[in-house]
Every structure is written in C-alpha cells, then in structure tokens.
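Sending over a structure as structure tokens; questions will come in a sec.
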Amino acid sequence: MILGCAEQLIPGDTIQAKFQMAATLGFKSLDLNGTGLREKAEIVLQAMEETGVQPGAVYSRLPNSLLHPEPDLRKKAMLALKDRLDGAALVGAVGVILVPVFGSPLLPDLSPLYSARQLELELLVAILKEVAPYAEAKGVYLLLEPINKNETHFLNTLIQGKEICEKVGSPSVRLVADIYHMNLEEDTVDSVHRAADWIAHVHLASSDRLVPRPNDIDYRSFLKALKEVGYSGTLGFECKAPESTDKLGESAAYIEGLISGVQPTCSGPS
C-alpha cells in the first residue's frame, strides 16, 4: 500500500512546491484537484519526475450534481466529469472521485411510483452507464465515495456503493473506502471484506477528521483487512489541515509504521 495525501493539505504556492513538500513529509502520492488538471498536466508530470511522488486519485469538484433536476446542469456536470477523467488519464491517476449528491434530495418524490431516492438511484446508474465507457477508454476509474448521513442522504456505505457498481456493471466503476465516513456508518473491517472487489482507493482521517493518530480509530484492523483482501493501492490522507507540517509528517510516519507492521491472517475476502 502507498501512503498519500490530499493536495490541499500540503503547503506550497506551486505544484512543484507541493510535490516536493509531500516527498519531504514521507508521502509517495498526492490526490489532486481535478479542476484545471488537464491544462496543468505537463507541470504535474514534471513534478512527479523530479520528486518521485505519484498521483493518487483526482477530486472531481463538479460545478453541480450529476443528479440535478435540470437536464442542462446534469449535462454540464457530465462534461466536467469527462474533463476530470481526461486530466486523470494524462497524469496517470487511478481515477476520479465522485460523491453523487450532497445534502437532501434534488429530485422530487413521486411516490407511490418512485421515491426521490429511487429516482436518484435509477438516474445515477443510467448516467454512470453512459460515462463508464469513456472512463474505461481512458484507463481510469470512476470512484464513487460513500459519505456519512450528516453530509448526504444518498450513498452512505460501501455496501450501498457495491450495489450501485453491480447495477452499472462496468469494470471502470469502483469505490473509495473512507475510514472517517465508514467509522460513522458501518463495520469497517466487515465492509472491506464484503466490498473487497470494488475498492480502488482509500481515504484516511481521524474520528474528528484530523490527521490519523494513535488511540483513535482502529487503523490497524482496517489496514489488516485491506491487506487480507489484497488491496495494494493508495491510502490518501483526507482531513482538516493540521496546525503544522510537523503534525502531518508525524501522522505519516505513524501510518507507515502500521502499514509495515500489520500482517494478514488470510489470503482473500471472507
């Protein structure tokens, strides 16, 4: 597994400075902001070559939700998503992170025909089926990220995400396992095993969304489960920026120690 960090947590006025600081702090990967990534891909590639730090995933940062009730705004979001997929492919990132909708439903409740959530689910699956071949052709993933109920009503657990992936049926649609959200919504170890085939990226944070630290979330069991199911991708810090880069480096060293110390007890998902 490769330790990474969100671009926005790393200080620096330029891409090159951020990559250099990431390397100094012990990170081997950066999760990048997808806005404008295609245009600055050459700069990112140069920074990668100079530092050895690789791209992780790309934040989509869409102008609006893919599940917006206005067709023109859905189309705008889909075009932006394809732009982010282009950028991810150019720099060799694993894929583009997508939270389908934040907050309350944007679509109407048409009960008893369809609830708002049922409409959203059917619409999302249809949109992903349309965009997935584009991602597949680019060689990158669409990474659905389940987040907690305080932030969205729609996609809250890995198991719900797994069901959406199965409905879409594309090898390019996968999941982000974010331990901060998982810790609030599900059994982290059980869900890793149950959704193992669909996890293509991981986010780390503490229970209060700070940098990972001892005596907080059971990171050791989480990392052990990831090893047991054969996950070998990036573990990207996604949290509030710490008060100093020293804190970021200390947390990176802590997680690196756990990665090297945990050993799987079985060879695959249970």
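Can you give me the accessible area per residue for the chain, using a 1.4 Å probe, in Å²?
Counting only protein heavy atoms, the per-residue value for the chain is 43 Å².
Could you tell me whether the range 51-198 comes out rounded, prolate or oblate from its Cα gyration tensor? Rule is a ≥ b ≥ c as square roots of the eigenvalues, rounded for a/c under 1.5, then prolate if a/b exceeds b/c, otherwise oblate. Walk me through the intermediate numbers first.
On the way: a/c = 1.71, a/b = 1.16, b/c = 1.47.
Note, shape of the range 51-198 comes out oblate.
Report, in deg cm²/dmol and to the nearest 500, the calculated mean residue ellipticity at 222 nm for the chain, where each DSSP H run with n ≥ 4 adds -39500 (n - 2.57) and the sum is divided by the residue count.
Details: 9 runs with 118 residues, N = 270.
Counting only the DSSP helices, I get -14000 deg cm²/dmol.
Something else about it: Could you tell me which residue out of Ser29, Met48, Ser65 lies farthest along the dipole of the range 1-66 toward its positive end? Charges go on the beta carbon: Lys and Arg +1, Asp and Glu -1, centred on the Cα centre.
Towards the positive end, the residue furthest out is Ser65.
Who wins for biggest fluctuation among Asp246, Asp190, Asp86 in a Gaussian network model of the chain, springs between alpha carbons below 10 Å?
Highest fluctuation of the listed residues: Asp246.
If you plug each phi of the range 46-61 into the Karplus form 6.51 cos²θ - 1.76 cosθ + 1.60 with θ = phi - 60°, what whole-Hz ³J(HN,Hα) values come out, in order, with x for Gly and Pro?
Whole-Hz 3J(HN,Hα) from phi for the range 46-61: 5, 5, 4, 5, 6, 10, x, 7, 9, x, x, 10, 10, 6, 6, 6.
In a GNM of the chain with a 10 Å cut-off on Cα contacts, which of Leu204, Leu30, Leu123 has the highest mean-square fluctuation?
Leu123
Ignoring ligands, DNA and RNA, what percent of the 1.4 Å accessible area of the range 123-270 is carbon and sulfur? Please report the intermediate quantities before stating the final value.
Numbers: 2750 of 6100 Å².
Result for the range 123-270: 45 percent of the exposed heavy-atom area is carbon or sulfur.
Here is a follow-up. When you have a sec, figure out the Kirkwood radius of the chain from all distinct Cα pair distances and drop it here in Å to one decimal? Don't skip to the end; give the middle numbers.
Numbers: mean 1/r = 0.0529 Å⁻¹.
Taking every pair of different Cα atoms in the chain, averaging 1/r and inverting gives 18.9 Å.
As a test, work out the antiparallel percent of DSSP beta bridges whose residues both lie in the chain, rounded to the nearest 5. Mind showing how you got there, number by number?
Numbers: 1 of 29 bridges.
If I count the DSSP bridges inside the chain, around 5 percent turn out antiparallel.
On the accessible surface of the range 19-97, probed at 1.4 Å, how many percent belong to carbon and sulfur atoms? Provide the component values of the computation, followed by the final result.
Details: 1730 of 3360 Å².
About 52 percent, which is the carbon plus sulfur part of the accessible surface.
Follow-up. With a cut-off of at most 14 other beta carbons within 10 Å, and DSSP calling the residue loop, which trypsin sites (Lys or Arg not before Pro) in the range 181-240 qualify? Please list them.
Details: sites: Arg194, Arg209, Arg220, Lys224, Lys227, Lys240; in loops: Arg209, Lys240.
Sparse-neighbourhood loop trypsin sites (Lys or Arg not before Pro): Arg209, Lys240.
In terms of the Cα gyration tensor, with a ≥ b ≥ c the square roots of its eigenvalues, is the range 20-117 rounded because a/c is under 1.5, prolate because a/b exceeds b/c, or oblate? Intermediate values should be presented prior to the final figure.
Details: a/c = 4.13, a/b = 2.48, b/c = 1.67.
It comes out prolate by the Cα gyration axes.
Can you find, among Gln16, Gly233, Gly95, the residue farthest towards the positive end of the dipole of the chain? Put +1 on the C-beta of Lys and Arg, -1 on that of Asp and Glu.
Gly95
In the structure shown, do any of Lys40/Lys162; Lys76/Lys138; Lys28/Lys240; Lys28/Lys247 have a Cα-Cα gap over 22 Å, and if so which? Mind dumping the intermediate values first?
Details: Lys40/Lys162 33 Å; Lys76/Lys138 20 Å; Lys28/Lys240 19 Å; Lys28/Lys247 17 Å.
In this structure, Lys40/Lys162 exceed 22 Å between Cα atoms.
If you take the square roots of the eigenvalues of the alpha-carbon gyration tensor of the range 142-270 and sort them as a ≥ b ≥ c, do you get rounded (a/c under 1.5), prolate (a/b over b/c) or oblate?
Note, shape of the range 142-270 comes out oblate.
How large is ³J(HN,Hα) for each residue in the range 187-197, as worked out from phi by the Karplus curve 6.51 cos²θ - 1.76 cosθ + 1.60 (θ = phi - 60°), to whole Hz, x for Gly and Pro?
With coefficients 6.51, -1.76 and 1.60, one gets 6, 4, 6, 4, 5, 4, 5, 6, 9, 3, 5 Hz.
Also, quick follow-up: At a Förster distance of 25 Å, what's the computed FRET efficiency of Ser260 paired with Asp187, Cβ-Cβ distance as r, to 0.05?
Numbers: r = 25 Å, r/R0 = 1.00.
The computed FRET efficiency comes out at 0.50.
Most mobile of Ser221, Ser111, Ser207 per a Gaussian network model of the chain (Cα springs, under 10 Å)?
Evaluated over the chain, the most mobile residue of the options is Ser111.
Size of the dipole of the range 27-154 about the Cα centre, Lys and Arg at +1 and Asp and Glu at -1 on the beta carbon, nothing else charged, in debye to 20? It would help to have the intermediate numbers written out before the result.
Numbers: 13 positive and 16 negative charges, 17 e Å.
That gives the range 27-154 a dipole magnitude of about 80 debye.
The values are calculated or read from the model by the stated rules, or taken from the named source; none is laboratory data. Note that the structure is predicted; figures quoted are calculated from it, not measured. For neighbour counting, all protein chains shown are included, and Cβ atoms are generated from backbone atoms with ideal geometry for every residue, glycine included. The accessibility values were calculated without ligands, DNA or RNA, using every heavy atom of the protein model including side chains. Shrake-Rupley method; radii C 1.70, N 1.55, O 1.52, S 1.80 Å.
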